[in-house]
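Laboratory data are not the source of any read-out in this text; all were calculated from the coordinates shown. Fair warning: this is a prediction, and the values are worked out from it, not measured in the lab. Here the Cβ positions follow ideal geometry from the backbone for every residue, glycine too, while neighbour counts run over all protein chains shown.
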């Protein structure tokens, strides 16, 4: 079993290497690819090192399984030929997620979707995976009919450059924090990665605005598209808001779901506590609820704040938090690979 | 006209003094009160100073109008006697908001509610005011029927001690920001004000958990209670999530509203652009949308990201941001006082 990691030097690629090691993934040989700029970089893997190679036309020769995290444009260029040649590709970009022939798979939620794959399997969007880990089991039991989400997405969702931009801006601003009750716009650092100052701010703009003019960002459209596809609810109306926050790792999502059947918070908590890959952290009396700093570095998605608004016995509110680099990306990709081997 | 500011040394009290000055509020004499601890503190007011006095039993003697921001417990102790003695009190706490005899007033939205007051007028909750500035005009035109909100609330909502706690935690953590992808729980500063580390985190817990066990926080329950009262929709189902974020000033709220009439984003933008106290900042093509750093220090509430989910022509999404110390507290209180004088 020869495994390739493509985009190995990025935040997700490095996490994939860590997780392959942690889970003792059954591989004989590992090859790491990145852009020409990173050629020759040495990455630690198991007790050894792997030397990064530049991507080239025949990169997939002899590769049984590729875990790719190189962005949508590169994925579109390099994956079809690899899949056609027999390399099974688990892709972390959004390039193929809406293709009819490409399943979006979360192993705990819809493992059966793997059956139809034709060489490319898509990993879901980081925020969508976090939400789906909680919504999946609830949908099976109660039938999801309406979804509203608002996210709190960390800067590492934009890779290490996002983390660096936050760090630089915090360095500039933290000694004048009290002036931020009345900030001088000229004195605020412009954001190259996030388009606005992200330190001491929240930015309701992730990825880019829908070129078709819906007013949604592409990040927001993914939530509805992927929930509909993974849960098989083609007519679900989903209202997503994606907001970047000055957090390093861990994406949180505030979820309102309305269900076909009446559901109590107690029943919901029971269903969630039996679900794989999910940990219920929900005890107001003991101030237990999930936050990104609790979830960063963990494999499980944390869910809490389970409650119901007065006057609607079919509505539920939840707050779910997952590590965007792990379950939101690298871990889910490795789990898909494990499932491929198992089958 | 003798005006008292109670709680004058707090973040909201100081902002009230600034705004009385900025708006040339018609007063003859200003007295400032705070707890005994702050007795003798000198606060700048207009080109002069005012010396803070300790609250005492007869503080309201000779006071025509009191702007009080001293917390709910103090408000319950001191306001009924003052109101009975003829001092009109505009209170920033939540103590009286749900009283039948006490109107919650946002001058741009429900000025008529002032008519019934019996000496105490309540200022709304900071996040609820921000949401209501956008929801009010939309409700009048389209009829609000369902509301889901998720907030991004700044630390100054907990006063200057909240700002100090964020600053201290940022000082401790900012040089090790990259370790926060896998934080060591022992190394994270405990939060006294927020219950958790607020730097580089978001905390889905504001104020305290509902003692009646609904699972909501009291901050979240205020959203529904105040929207129902201010807009006069007693049966509105409201699902609010309140989250504290590491922002100094400016509360943002992600709003999903469903209306009785069909509504397009274009119509909604037209209605919002004609509303007083509101500024529409909504142009995806030019990357225009509101953030807390844009709203901090402003009087207007900013609203943008107006859009509609596919498949529901009665639903709207909005992102509103207001300065929690100004329109969310001090400014709205001063505007209520101006309206009282006008009437």
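Per-structure values
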item: Among beta bridges that DSSP assigns inside the stretch B:24-117, antiparallel share in %, nearest 5; result: 40
item: Radius of gyration and maximum dimension Dmax of chain B, Cα, Å; result: 20.4, 61
item: Antiparallel bridge percentage (DSSP; both residues within the protein assembly as shown; nearest 5); result: 50
item: Residue A:267 versus residue B:23: modelled label distance in nm, points set 7 Å from Cα along the beta carbon direction; result: 4.9
item: Debye log10 I(q)/I(0) at q = 0.09 Å⁻¹ for the protein assembly as shown, Cα point scatterers; result: -0.76
item: The stretch A:181-250, Cα convex hull volume normalised per residue, Å³; result: 131
item: Relative contact order (%) - chain B, alpha-carbon pairs under 8 angstrom, separation at least six; result: 18
item: Of A:117, A:174, A:139, the one that fluctuates the most in a GNM where chain A has Cα springs shorter than 10 Å; result: A:174
item: Approximate spin-label separation residue A:286-residue B:2, in nm, with each point projected 7 Å along Cα-to-Cβ; result: 5.5
item: In nm, spacing of pseudo-spin labels at residue A:186 and residue A:313 (7 Å Cα→C-beta vector); result: 6.2
item: Sum of -39500 (n - 2.57) over DSSP H runs of 4+, divided by residues of the protein assembly as shown (222 nm, nearest 500); result: -8500 deg cm²/dmol
item: Label zone at residue A:54 (point 7 Å along Cα-to-Cβ), backbone N below 19 Å, the stretch A:3-19; result: A:5-10
item: Euclidean distance of C-alpha centroids, the stretch A:267-332 and the stretch B:48-93, integer Å; result: 44
item: Most mobile of B:71, B:213, B:322 in a GNM of chain B (Cα contacts under 10 Å); result: B:213
item: Among beta bridges that DSSP assigns inside chain B, antiparallel share in %, nearest 5; result: 50
item: Chain A: most fluctuating residue of A:98, A:223, A:133 per GNM, C-alpha cutoff 10 Å; result: A:98
